[in-house]
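The values are calculated or read from the model by the stated rules, or taken from the named source; none is laboratory data. The structure presented is a predicted model; accordingly, all values stated were derived computationally and were not measured. Neighbour counts are summed over all protein chains in view; Cβ atoms, including those assigned to glycine, are modelled from backbone coordinates with ideal geometry. Heads up: the accessible areas ignore ligands, DNA and RNA and are worked out on the full protein's heavy atoms, side chains in. Shrake-Rupley method; radii C 1.70, N 1.55, O 1.52, S 1.80 Å.
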Amino acid sequence: QVQLVESGGGLVQPGGSLRLSCAASGRSFSTYVMGWFRQAPGKEREFVSAIRWSGESSRYADSVKGRFTISMSGDIARNTVYLYMNSLKLEDTAVYYCAAGRVVAATDAQYDYWGQGTQVTVSS
């Protein structure tokens, strides 16, 4: 059974940082792309970032470029993708979802597997 489990969300002040983790299990993801999406209250889910399992071909939404960094665990056996979030803004508040798909895409329809999400709240 495929599972994507996110962790690392929480409450942070504007300008602060968080690291989200997504642990993948249940199959081999070596040919997959790992992505992060987010959904704020009253808004549609939107793309944040994606990366190939090999660590290549990363992509970011314009709203997070220069502030967020996606990376794969250096230990392949850990099957974990990270999202490092710096200089957080109020508008980054959302539920963040991890997803696995076949292409580095910004549309959620391209992703086959999804986690349950982790809440990130940016507030003073």
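Determine the share of region 44-113's accessible area contributed by carbon and sulfur atoms, expressed in whole percent, with a 1.4 angstrom probe. Accessible surface attributable to carbon and sulfur in region 44-113 totals 44 percent.
Please compute the per residue accessible area over the chain with all protein chains in place, 1.4 Å probe, rounded to a whole number of Å².
For the chain, the solvent-accessible area averages 51 Å² per residue.
When +1 charges are put on Lys and Arg Cβ atoms and -1 charges on Asp and Glu Cβ atoms, the dipole computed for the chain relative to its Cα centre reaches about 120 debye.
What is the sum of charges, Lys and Arg at +1 and Asp and Glu at -1, for the other residues whose Cβ falls under 14 Å from the Cβ of LYS43?
On the way: positive: ARG38, ARG45; negative: GLU44, GLU46, GLU91, ASP92, ASP108.
Around LYS43, the surrounding residues sum to -3.
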